[in-house]
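See structure below.
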């Protein structure tokens, strides 16, 4: 039986997949997103150690209240502990529990047969993926997260090819992702995917600053104001503009063949 390094557990999650959910925050993340509000999840190999059976046992205490929900694994980057999630979700599916992973897909590697086989196994026991696309432009993605986005884009295409349900999440940050060109390009890419069930355009907020202060860390985006609901709506419109254009272009190409 596998043991996971757990940062924390939320027993009444309402924003991490459909319904009311039991949310497992796994410890460890290779990304360093400038707007991250959970820097305490970064370090790998620490946290409370729990077995998959202990997670299932704890879930069962709350399942009566988890209306239309299930179990979501998030982080950190949960797929750093993929073996643990596969074992956990295998047990959850045996009990008829809906399973969901909130990930950016940074660990995906289609060139490595062992890694790809593991992802194929994960898909067998995962009902829904919440896919965080931080930035559509690779160079800007590196500035924003310290990592390239190539694996993430590949993972998005992989999920589309496998026809796995996906909710796309995109944080709109003034000076970084709140940019008409990049938002349009994101939408144009999303228009090529055939498995998107929802799009969450999330306005940047500053609530994480307190945690940085508590941890004695300098907040990377100090001085950047939170994005207004109005600007978030404009960003969403620009994404859909690109998405619709991609659908039009692809339809024209198909008719021309």
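Within the option set 116, 122, 88, being surrounded by 23 or more Cβ atoms within 10 Å (Cβ to Cβ), modelled with pLDDT of 95 or more, touching a helix residue (DSSP H, G or I) at 6+ places or on another chain (Cβ under 9 Å) and assigned to a helix (DSSP H, G or I) holds for one residue only, 88.
Each row is one residue, and each column tells you yes or no for (1) surrounded by fewer than 18 Cβ atoms within 10 Å (Cβ to Cβ); (2) closer than 24 Å to residue 40 by Cα.
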position: 111; (1), (2): yes, no
position: 129; (1), (2): no, yes
position: 133; (1), (2): no, yes
position: 142; (1), (2): yes, yes
position: 154; (1), (2): yes, no
position: 171; (1), (2): no, yes
position: 198; (1), (2): yes, no
position: 207; (1), (2): yes, yes
position: 215; (1), (2): yes, yes
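Being without any contact (Cβ under 8 Å) to a residue 60 or more places away in the chain, assigned to a strand (DSSP E or B) and under 28 Å from residue 155 (Cβ atoms) narrows it down to one of 202, 247, so name that one. Checking each option against the conditions leaves just 202. Within the stretch 208-242, the residues that satisfy the criterion of being within 28 Å of residue 146 (Cβ to Cβ), in contact (Cβ under 8 Å) with a residue 40 or more places away in the chain and not in a loop (DSSP other than H, G, I, E, B) are 211, 212, 231, 232, 235, 238, 239, 242.
Mind listing just one residue for me: the one in the stretch 161-178 that is outside any strand (DSSP E or B) and within 15 Å of the chain's Cα centre (by Cα) and, of those, nearest to residue 224 (Cα to Cα)? Full working, then the answer.
Within the stretch 161-178, the first condition is being outside any strand (DSSP E or B), and the residues that meet it are 161-165, 173-178.
Narrowing the set further to residues that are within 15 Å of the chain's Cα centre (by Cα) leaves 164-165.
Values: 164: 36, 165: 34 Å.
Only one residue tops the list, namely 165.
I need the full set of residues from the stretch 20-57 which are in contact with a strand residue (DSSP E or B) (Cβ under 8 Å, 6 or more places away or on another chain) and surrounded by fewer than 15 Cβ atoms within 10 Å (Cβ to Cβ), in order please. Once the filter is applied, which keeps residues that are in contact with a strand residue (DSSP E or B) (Cβ under 8 Å, 6 or more places away or on another chain) and surrounded by fewer than 15 Cβ atoms within 10 Å (Cβ to Cβ), the stretch 20-57 yields 45, 46, 48, 49.
The values are calculated or read from the model by the stated rules, or taken from the named source; none is laboratory data. Since the structure is predicted, the reported quantities are computational estimates derived from the model, not experimental observations. Because the Cβ atoms are built from the backbone with ideal geometry, glycine has one as well, and the counts that use them run over all protein chains shown.
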